[in-house]
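Working notes for the structure below.
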């Protein structure tokens, strides 16, 4: 799970600093990897190698919104839904994060690798989601 602290100005002109949480479960990773020929990490590598920025930006938007969720107070659940993702996408915090990831390849790689389970990220036989 990745916690991002983002400072932004809301639409009432109030500066806010909030923590936002992003995570992909093992099940979600398996589903995403098997939904693309060669796997998601291989697809991302090809996009990066080809310097296909428009496609990479679209993939990152999808990745951000799939990973975004809210932790339950007891920490047992990480709640995600289309409504929760859509609400986040309508905030200035999303805009700041999206801009950062679209313009900074190191931040994008750190984000992508930070949202996957640690045991997958550190497994020698499974590649990181994005090359660092």
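The values are calculated or read from the model by the stated rules, or taken from the named source; none is laboratory data. Treat the numbers as computed from the prediction; the structure is a model and nothing was measured. Every residue, glycine among them, receives a Cβ derived from its backbone with ideal geometry; neighbour counts consider all protein chains shown.
Do we find a residue being in a loop (DSSP other than H, G, I, E, B), within 30 Å of residue 15 (Cα to Cα), more than 13 Å from the chain's Cα centre (by Cα) and free of Cβ contacts under 8 Å to residues at least 24 places away in the same chain anywhere in segment 29-36? Looking through segment 29-36, none of the residues is in a loop (DSSP other than H, G, I, E, B), within 30 Å of residue 15 (Cα to Cα), more than 13 Å from the chain's Cα centre (by Cα) and free of Cβ contacts under 8 Å to residues at least 24 places away in the same chain. Annotation note: of 24, 2, 63, the sole residue that is free of Cβ contacts under 8 Å to residues at least 60 places away in the same chain, touching a helix residue (DSSP H, G or I) at 6+ places or on another chain (Cβ under 8 Å) and either within 21 Å of residue 89 (Cα to Cα) or surrounded by fewer than 16 Cβ atoms within 10 Å (Cβ to Cβ) (or both) is 63. Every condition in (1) part of a helix (DSSP H, G or I); (2) modelled with pLDDT of 90 or more is met by residue 73 except one, and the failing one is (1). The combined condition, being over 13 Å from the mean Cα position of the chain (by Cα), surrounded by 15 or more Cβ atoms within 10 Å (Cβ to Cβ), at pLDDT 95 or above and assigned to a helix (DSSP H, G or I), is not fulfilled by residue 87.
Of all the listed residues (8, 21), the sole one being part of a strand (DSSP E or B) and over 27 Å from residue 118 (Cβ atoms) is 8. Here residue 116 meets the list (1) closer than 24 Å to residue 46 by Cβ; (2) part of a helix (DSSP H, G or I); (3) under 13 Å from the mean Cα position of the chain (by Cα); (4) at pLDDT 85 or above almost entirely, failing just condition (2). The residues on offer are 56, 65, 97, and the sole one that is at pLDDT below 90 and either out of contact with any strand residue (DSSP E or B) (no Cβ under 9 Å at 6 or more places or on another chain) or over 18 Å from residue 30 (Cα atoms) (or both) is 56.
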